[in-house]
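All of the numbers you see were taken from the coordinates with simple rules; none came from a lab. No experiment lies behind these values; they were computed from the predicted model shown. Glycine gets a Cβ as well: all are built from the backbone with ideal geometry, and neighbour counts include every protein chain shown.
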């Protein structure tokens, strides 16, 4: 059995609306901590809170009204239409079934793309170089402190609103571990904006035995550049959609380059193996797994061995690693060559496959070629 940390002590019903926080589900006792976390997520998403919430008075001030008037229209103008297009297009090409666990390497806080393609998974495992950050808690904060936290969050969301991917180098500057714009805060924003109820959030760590444990205070000081051996910090968030079951996200901070996995995090891949078989999503992955013999060969090999379905743009795993004897490939959109920054990662075989086999243009943005009718997707389904 997979290790679990029970962080959801109550179930709360979500009503999909950007104008108010979800109502409490009748028939369930509401845990105070769960209510507090969900109201925080609603606050971040510009949805307001219930009138009896301690945060209600804050939502009536001038700054919050201004924040809502920017963040909600920005989401509706840039991201919501793109997600709606994916939802409309994907059922015609989605696999008949997929694994209970979705793996999303090099993701940063981008839980929304995992949820739009694979909404019914039990667990989403994400990882990146950014620290989990604090679990936002505006209760007891001054109005000025909350204003500052929301302003930082709004700034960090700017890129993904426009182009549907995070820029790691800018995130290193913009995302801090002391405000609402940490990884945890951004994921809570995404969940609430998309109508999910946040049920719980806890700091976790993968220990030397490749087991999940509750984090300790010292784990907040770990950075990927110089981590202690065999201790990988993370955060787990429990959530649910209206009328649905509890689902979970686990995000971890670590460097998965071969040398770092061997020297600092030899416990991480064994932990991942313990989570079972995967459906893997890759997007805007910086072509890290394109080297044949060095750099990111361990994580590439792990994905290929432990995944039954892979959905990716051309920045993921090169096509040559998916032999026709083992994988059924499908191609969607258009592919000619990578953007100029990664021009040396062009794949001739992938270009030919798209020319001959593409199912047509993608009506949505995905990856670095983010303009409509310029993106590409390749799916790889393991043959039985």
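Structure remark: mean-square fluctuation, Gaussian network model of the chain, C-alpha springs under 10 Å; the largest value among 135, 317, 372 belongs to 372. Determine the distance separating the Cα centre of the stretch 113-143 from the Cα centre of the stretch 49-98; give it in Å without decimals. Cα centres, the stretch 113-143 to the stretch 49-98: 15 Å. Extension gain, residue 295-residue 151: 0.36 nm per intervening residue step, less the Cα-Cα distance, totals 48.1 nm. Each of 72, 198 has some number of other Cβ atoms within 10 Å of its Cβ, and from fewest to most they run 72, 198. Set the Förster distance to 22 Å, then compute FRET efficiency between residue 61 and residue 31 from the Cβ-Cβ distance, nearest 0.05. Rounded to the nearest 0.05, the efficiency is 0.20.
If every alpha-carbon in the stretch 200-319 counts as one equal scatterer, what log10 I(q)/I(0) does Debye give at q = 0.15, 0.18 1/Å? Treating every Cα as an identical point scatterer, log10 I(q)/I(0) equals -0.78, -1.07. For the stretch 254-384, the ratio of Cα radius of gyration to the globular rule of thumb 2.2 N^0.38 Å stands at 1.07.
A helix-only calculation puts the chain at -8500 deg cm²/dmol for mean residue ellipticity at 222 nm, using -39500 (n - 2.57) for each DSSP H run of at least four residues, averaged over all residues.
Exposure proxy ranking for 55, 341, 43, based on other Cβ atoms within 10 angstrom of each Cβ and starting from the fewest, stands as 341, 55, 43. Counting other Cβ atoms within 10 Å as a rough exposure proxy, the listed residues 384, 283, 348 run 384, 348, 283 from fewest neighbours to most. For the stretch 32-128, the convex hull drawn through the C-alpha positions has a volume of 139 cubic angstrom per residue. For the options 277, 47, 62, a Gaussian network treatment of the chain with springs between C-alpha atoms closer than 10 Å singles out 62 as fluctuating the most. Each label point was placed 7 Å from the Cα along the Cα-to-Cβ direction; for residue 245 and residue 372 their separation is 3.7 nm. Mind checking the angle between helix 183-193 and the chain's longest principal axis? C-alpha axes, 0 to 90 degrees, to the nearest 10. The angle comes out near 80 degrees. Helix 62-74 and the long axis of the chain differ in direction by around 20°, with both axes built from C-alpha atoms. Available extension along the chain between residue 352 and residue 50 is 103.2 nm, counting 0.36 nm per residue and deducting the alpha carbon span. With the simple spin-label model, which puts each label point 7 Å out from Cα in the Cβ direction, the residue 328 to residue 137 separation comes to 5.0 nm. Taking only alpha carbon atoms, the stretch 32-276 gives an Rg to Rh ratio of 0.96, where Rh is the Kirkwood radius.
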